[in-house]
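> Starting off with a structure, shown below.
The values are calculated or read from the model by the stated rules, or taken from the named source; none is laboratory data. Note that the coordinates shown come from a computational prediction; the quantities given were computed from them, not determined experimentally. Here Cβ is always computed from backbone atoms with ideal geometry, including for glycine, and neighbour counts include all displayed protein chains. When the accessible area is computed, the model is the full protein with side chains, heavy atoms only, and any ligands, DNA or RNA have been set aside. Shrake-Rupley method; radii C 1.70, N 1.55, O 1.52, S 1.80 Å.
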Amino acid sequence: MNWDWDAVRDFMPLFRDGLVVTLQALAVGSLIAFTLGLVWALLMRAPTRWVRWPVGTVTEFVRDTPLLVQLFFLFYVLPEWGLTLSAMTTGVMAIGLHYSTYTMQVYRAGIEGVPPGQWEAAIALNLSRARTWRAVILPQAVRRVVPALGNYVIAMLKDTPMLMAITVLEMLGRARLFSQASFRFTEPLTVIGVAFIVISFLASVLLRTLERRLVR
């Protein structure tokens, strides 16, 4: 088998377009997962079971359902109910929703890891419940869970190729199109593999740097 540098050069425009789509899906999906996961975690600490039970049921169902099934459901079933979204919007929402059920558990662990003395100190200072969460509990909890959240960023990155199943042309989707047209599979798939490794490595370095700064 001969390596064809011309095929690599021809694939580069498609690769750049796919890279942009992949990074966009990763960024927005991560934002949804982190934000919604925190909301789930706070709702699970509600004093009434009429809030905790529905949230627990929904998040457990989402966590136990394959992401690919969720993608197909949102993309093909919701239009039958009158809600039609673009493929990119559907994919980003599915990734964010799916991983929010995992980040919820990370946040819960971080909140439960805050020493009880911090709660008692907030009560002694007569802080409101909202200010206690905002100024005392959440900053400490989030600082503790940055490494775990970072792991889910990398997991989301590796799941972005699933968006190809609903016609989103991210990196792997573009590589597939190029391979079908040129009958060259080694070069585009190798480029995609290297890209995933590089992005994962850079994300790991960035997260370790952020973790060290938060610990100070």
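> From the list 184, 176, exactly one residue is without any contact (Cβ under 8 Å) to a residue 40 or more places away in the chain, farther than 28 Å from residue 42 by Cβ, of a type outside the set (A, V, I, L, M, F, W, C) and surrounded by fewer than 20 Cβ atoms within 10 Å (Cβ to Cβ). Which is it?
176
> For region 141-149, check the following and say yes or no: at least one residue is under 23 Å from residue 76 (Cα atoms) and open to solvent by 50 Å² or more (accessible area, probe 1.4 Å).
No, there is no match, as no residue in region 141-149 is under 23 Å from residue 76 (Cα atoms) and open to solvent by 50 Å² or more (accessible area, probe 1.4 Å).
> Which of the helices (runs of 4 or more DSSP H) contained wholly in region 105-216 include at least 2 residues that are among the charged types (D, E, K, R) and under 17 Å from residue 34 (Cα atoms)?
138-159
> Additional query: Would you please name the residue that is nearest to the chain's Cα centre (by Cα), looking only at residues in region 153-164 that are of a type in the set (A, V, I, L, M) and open to solvent by 40 Å² or more (accessible area, probe 1.4 Å)?
Here the answer is 162.
> Could you go through region 118-127 and let me know if any residue there is on the phi > 0 side of the Ramachandran plot and of a type in the set (S, T, N, Q).
Within region 118-127, one or more residues are on the phi > 0 side of the Ramachandran plot and of a type in the set (S, T, N, Q).
> So which residues in region 52-69 are assigned to a helix (DSSP H, G or I) and surrounded by 13 or more Cβ atoms within 10 Å (Cβ to Cβ)?
Correct list: 52, 55, 56, 58, 59, 62, 63, 67, 68.
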